[in-house]
1. Counting just the residues of region 119-145 that are in contact with a helix residue (DSSP H, G or I) (Cβ under 6 Å, 6 or more places away or on another chain) and near the ligand (Cβ under 10 Å from one of its atoms), which one comes out modelled with the highest pLDDT?
2. Within region 39-48, does at least one residue satisfy the condition of being closer than 16 Å to residue 15 by Cα and in contact with a strand residue (DSSP E or B) (Cβ under 7 Å, 6 or more places away or on another chain)?
3. Looking for whichever is of a type in the set (Phe, Trp, Tyr) and in contact with a Lys or Arg (Cβ under 8 Å, 6 or more places away or on another chain) here; the options are 159, 98, 124. Which one fits?
4. Is it fair to say residue 108 is among the charged types (D, E, K, R), near the ligand (Cβ under 8 Å from one of its atoms) and free of Cβ contacts under 8 Å to residues at least 60 places away in the same chain?
5. When you scan region 88-99, how many residues do you find that are at pLDDT 95 or above and more than 10 Å from the ligand (Cβ to nearest atom)?
6. Could you please let me know if residue 12 is buried (at least 21 other Cβ atoms within 10 Å of the Cβ), in contact with a strand residue (DSSP E or B) (Cβ under 9 Å, 6 or more places away or on another chain), among the acidic types (Asp, Glu) and closer than 15 Å to residue 150 by Cβ?
7. Just the residues that are surrounded by 12 or more Cβ atoms within 10 Å (Cβ to Cβ) and either part of a helix (DSSP H, G or I) or touching a Gly at 6+ places or on another chain (Cβ under 6 Å) (or both), please, taken from region 120-133.
8. Residue 136 versus (1) crowded, with 17+ Cβ neighbours inside 10 Å; (2) in contact (Cβ under 8 Å) with a residue 24 or more places away in the chain: which is the lone unmet condition?
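The values are calculated or read from the model by the stated rules, or taken from the named source; none is laboratory data. Values in this document were obtained by computation on a predicted structure and should not be read as measured data. Reconstructed Cβ throughout: ideal geometry from the backbone, glycine too, with neighbour counts over all protein chains shown.
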Amino acid sequence: MKRIAVYPGSFDPLTFGHIDLIERTVGMFDELIVAIAHNIKKAGLFPVPERAEMIREMVKGYDNVSVDAFDGLLVDYVRKKGATCVVRGLRAFSDFEYEFQMALTNRKLNDSYETIFLMTHENYSFISSSLVKELIEFGGDISAFVPESVERRLKEKFYTKPG
Ligand code: COA
């Protein structure tokens, strides 16, 4: 049986923290699907196709990693893809409660897969997509947190005046 894992998230935008997680997970499974989800609590900056493009640029060297997007519940998406695992990163203690609640709720709805958690690399344990967006908005240096291509797109978003 093919071991398929789903790595869901908002990825708005992708950071080095996400990339680290992908790189550490990829060898554990036959196929890894990086799945962009709509988090209804978050107003997105980048449209989903652009988020996907940024991720694809970074994972193109892996032939067992694909990038996808989904609407609706994660449990339904996981079932549809025939995945046996969902991968999530834990950055700090504060992530635990949220992740615990989400994983247990999802397990109630679909117990045919496991959620596994990887500790985020210590270099990235304090960053988040929102923090990166805030830094760039006020002219901060984000080169330590996101790949060049993401930085470029963020600068276009924040510094290019319309018209
Ligand atoms: N390194 C650095 N930062 C990381 C990271 C890592 N390894 N992993 C996550 N982050 C950051 C992200 O950048 C993000 O930052 P932000 O809050 O500033 O945007 C934050 O941690 C949260 O991570 P993310 O992985 O994007 O999760 P999320 O909370 O936005 O989304 C979903 C969680 C998409 C998995 C969840 O909302 C979902 O499953 N949605 C589908 C609908 C559903 O099934 N709902 C029921 C759930 S019980």
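1. Per the criteria, the residue is 145.
2. The answer is yes; a qualifying residue exists.
3. 124
4. no
5. Result for region 88-99: 0.
6. Spelling it out, residue 12 is indeed buried (at least 21 other Cβ atoms within 10 Å of the Cβ), in contact with a strand residue (DSSP E or B) (Cβ under 9 Å, 6 or more places away or on another chain), among the acidic types (Asp, Glu) and closer than 15 Å to residue 150 by Cβ.
7. 120, 123, 124, 127, 129, 130, 131, 132, 133
8. (2)
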